[in-house]
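The values are calculated or read from the model by the stated rules, or taken from the named source; none is laboratory data. Remember, predicted model here, so these are calculated numbers, not experimental data. With ideal geometry, Cβ positions are generated from the backbone for all residues, glycine too; neighbour counts draw on all protein chains shown. Heads up: the accessible areas ignore ligands, DNA and RNA and are worked out on the full protein's heavy atoms, side chains in. Shrake-Rupley method; radii C 1.70, N 1.55, O 1.52, S 1.80 Å.
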Amino acid sequence: MYQRIRGGQELPWAWKKTGDNGPLTVFPRAGITPNAFYSRADKALKFFFFTPSNATAPVFTCRSLDIVAHECGHAVLDGLQPGWLAGSGNSPQTGGLHESFGDLTALFLACSQLDQVEAAIALTKGNLHNRNFLAAMAEQFGSALGFPQGLRNADNDLKLSQVSNEVHAISQVFTGGIYDVLADIFTFERQQQAATKDPARVLLEVASKLCKLLVDAIVASPPTGATYADVVNRMLVISNGQNDPPIYRTFIRSRFAFREVVVSPTPLNALLEGRLNFEDESFVEGGKDVLKMDAVKHRSDGAPQDRSTCCGTMQRPEYTLAKSETLLAGGSLSPVDLMGADSSTIPKASN
Amino acid sequence: MQIRIRRRGGFAGLDETIADVDTAALSEDDARRAGEVVEKLRAEQRAPPVGADHVRYEIAIAGGAGPHTNLTVVDEARANDPAMSALIDLIALVGPARKR
């Protein structure tokens with residue numbers, strides 16, 4: 001899919017940079033556990049299976065398009081931006097971008113198949129904010145763990161101040177922002193092209209275009225320590241450069257300002273208050289088509305990346321159970337430091 | 001010696017404590033073996049793998065003769081992984097299925 005949207009340009013795996021032309025190996029039944037992961041060292045995607053406690057039939061993660069796409073997304077992104085997994089100075093948002101890219105890969109892959117978007121249009125009556133399977137991530141897996149709406153859901157309203165620094169948690173903010181932009185552009189283009197195209201065709205094309213915009217922005221982002229604002233700002237610049245309608249950038253600015261990713265010099269309320277004219281392709285709130293926005297400052301900015309519930313990349317002592325202040329100060333650890341601290345409270349992305 | 005084992009991560013972003021035990025509550029033999037396994041885990045600490053969505057086990061050790069430590073074992077689904085073998089031994093000794 002990514003190769004197609006980039007005009008057939010090769011997407012090398014991360015190890016190709018070291019001269020290794022080996023393939024990515026997929027293990028559909030790597031073992032018994034409720035998981036799937038990407039390993040650069042093994043050059044592999046490993047999918048596991050398990051039987052939920054309340055079921056008799058096993059759940060095979062390799063049978064989930066969402067999970068396969070998510071893990072493959074990690075491998076693709078690791079090839080495009082290897083420093084985001086293995087570089088220094090990566091923030092929680094860098095890890096969040098990785099996880100979000102995985103979930104968005106599943107979303108865009110579903111949106112690249114006409115039968116899937118036709119079904120989604122029929123189900124939602126053209127409103128992508130109605131409950132649908134495109135936004136829900138890994139429904140069977142999530143159900144086995146007690147999440148009937150999917151393990152995660154792209155159609156969410158989460159802001160940075162409402163999530164922890166754990167990479168999957170913080171990823172939902174970026175995923176949700178992109179999903180909102182997809183729904184906005186679709187609403188706009190559906191009206192613009194109503195006389196010439198079926199809504200499903202419009203969604204197919206809009207998703208492909210947004211996917212390419214996202215990938216191009218990711219490629220243009222810093223090689224390490226990338227933040228959500230880095231990617232959003234590059235999306236604005238690239239969108240402008242390819243002469244997208246200005247309203248596209250209004251959607252991007254509004255959605256990521258709402259999510260506390262970027263700060264707007266002027267209030268961006270028209271979209272959220274339902275005052276935006278979806279028929280006006282040149283609509284720019286505040287009168288200026290801003291292409292660079294400041295990132296919202298968060299206490300999490302200097303925090304270590306919490307990949308503790310993900311891969312092992314940033315698993316140093318400072319990310320474990322002890323108080324981060326104690327570790328950073330180089331002091332000795334007491335039993336309370338080690339056993340009393342609740343690690344989930346260490347690096348909160350709260351204001 | 002206090003031993004707490006948390007299982008975290010994976011595709012689902014799990015976070016669960018699977019053992020939290022004071023070895024004083026174990027039999028003398030099991031407590032000694034737990035100490036030996038902890039030393040084995042300490043020796044097996046290695047750089048974490050580059051990748052995404054691995055399940056990792058965080059073992060916090062407090063008290064006892066050795067230094068207070070946080071150990072990490074990442075499940076890379078490899079056969080004959082000595083760190084995972086030691087972890088399984090430790091869970092058998094201090095986990096919920098241990099002998100009472």
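Below is a table of values for the structure above.
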{"read-out": "Which listed residue, of A:Leu11, A:Leu97, A:Leu77, is over 24 Å from A:Leu151 (Cβ atoms), outside any strand (DSSP E or B) and not small (Gly, Ala, Ser)", "value": "A:Leu11"}
{"read-out": "Flag for B:Asp75 being at the interface with chain A (Cβ under 8 Å from one of its Cβ atoms), under 13 Å from the mean Cα position of the chain (by Cα) and either charged (D, E, K, R) or open to solvent by 60 Å² or more (accessible area, probe 1.4 Å) (or both)", "value": "yes"}
{"read-out": "Subset of the stretch B:1-34 that is within 11 Å of chain A (Cβ to nearest Cβ) and of a type in the set (S, T, N, Q) - its residue that is most open to solvent (accessible area, probe 1.4 Å)", "value": "B:Thr17"}
{"read-out": "Residue match in the stretch B:61-72 (condition: part of a helix (DSSP H, G or I) and in contact with an Asp or Glu (Cβ under 7 Å, 6 or more places away or on another chain))", "value": "no"}
{"read-out": "Given (1) open to solvent by 50 Å² or more (accessible area, probe 1.4 Å); (2) within 9 Å of chain B (Cβ to nearest Cβ); (3) more than 27 Å from A:Leu213 (Cα to Cα), index of the condition A:Lys43 fails", "value": "(2)"}
{"read-out": "Residue count for the stretch A:22-40, restricted to those that are loosely packed, with under 13 Cβ neighbours inside 10 Å and closer than 20 Å to A:Leu85 by Cβ", "value": "3"}
{"read-out": "Neighbours by Cβ (under 9 Å, 6+ apart or cross-chain): first from the stretch A:38-57, within 16 Å of B:Val55 (Cβ to Cβ) and without any contact (Cβ under 8 Å) to a residue 40 or more places away in the chain; second surrounded by fewer than 18 Cβ atoms within 10 Å (Cβ to Cβ) and of a type in the set (Gly, Ala, Ser)", "value": "A:Lys46/A:Gly31; A:Phe48/A:Gly31; A:Phe49/A:Gly31"}
{"read-out": "Test: A:Thr94 is hydroxyl-bearing (Ser, Thr, Tyr) and in contact (Cβ under 8 Å) with a residue 12 or more places away in the chain", "value": "yes"}
{"read-out": "Test: residue in the stretch B:35-45 that is without any contact (Cβ under 8 Å) to a residue 60 or more places away in the chain, at the interface with chain A (Cβ under 10 Å from one of its Cβ atoms), of a type in the set (A, V, I, L, M, F, W, C) and open to solvent by 50 Å² or more (accessible area, probe 1.4 Å)", "value": "no"}
{"read-out": "Output for the stretch A:115-159, where each listed residue is open to solvent by 60 Å² or more (accessible area, probe 1.4 Å) and outside any loop (DSSP other than H, G, I, E, B)", "value": "A:Asp115, A:Glu118, A:Ala122, A:Leu123, A:Glu139, A:Gln140, A:Ser143"}
{"read-out": "Test: residue in the stretch B:88-97 that is assigned to a strand (DSSP E or B) and either without any contact (Cβ under 8 Å) to a residue 60 or more places away in the chain or surrounded by fewer than 21 Cβ atoms within 10 Å (Cβ to Cβ) (or both)", "value": "no"}
{"read-out": "Verdict on B:Val74 being touching a Leu at 6+ places or on another chain (Cβ under 8 Å) and either farther than 30 Å from A:Ala44 by Cα or not acidic (Asp, Glu) (or both)", "value": "no"}
{"read-out": "Failed condition for A:Ala14, given (1) at positive phi; (2) at pLDDT 95 or above; (3) not hydroxyl-bearing (Ser, Thr, Tyr)", "value": "(1)"}
{"read-out": "Filter result (without any contact (Cβ under 8 Å) to a residue 60 or more places away in the chain, under 14 Å from A:Phe174 (Cα atoms) and among the small types (Gly, Ala, Ser)) within the stretch A:213-237", "value": "A:Ala217"}
{"read-out": "Candidates A:Leu271, A:Leu210, filtered to the one that is within 19 Å of A:Thr187 (Cα to Cα), touching a residue at least 12 places away in the same chain (Cβ under 8 Å) and open to solvent by 10 Å² or more (accessible area, probe 1.4 Å)", "value": "A:Leu271"}
{"read-out": "Pair list, Cβ < 9 Å and 6+ apart or interchain, from the stretch A:278-307 residues that are under 16 Å from A:Tyr228 (Cα atoms) to residues that are modelled with pLDDT of 90 or more and charged (D, E, K, R)", "value": "A:Leu291/A:Arg249; A:Met293/A:Arg253; A:Ala295/A:Asp230; A:Val296/A:Arg259; A:Val296/A:Glu260; A:His298/A:Glu260"}
{"read-out": "Top-ranked residue of the stretch A:239-268 - restricted to ones that are outside any helix (DSSP H, G or I) and among the hydroxyl-bearing types (Ser, Thr, Tyr), ranked as surrounded by the fewest Cβ atoms within 10 Å (Cβ to Cβ)", "value": "A:Thr266"}
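Okay, residues lined up against (1) among the polar types (S, T, N, Q); (2) modelled with pLDDT under 95:
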{"residue": "A:Ser221", "(1), (2)": "yes, no"}
{"residue": "A:Tyr248", "(1), (2)": "no, no"}
{"residue": "A:Val263", "(1), (2)": "no, yes"}
{"residue": "A:Leu272", "(1), (2)": "no, yes"}
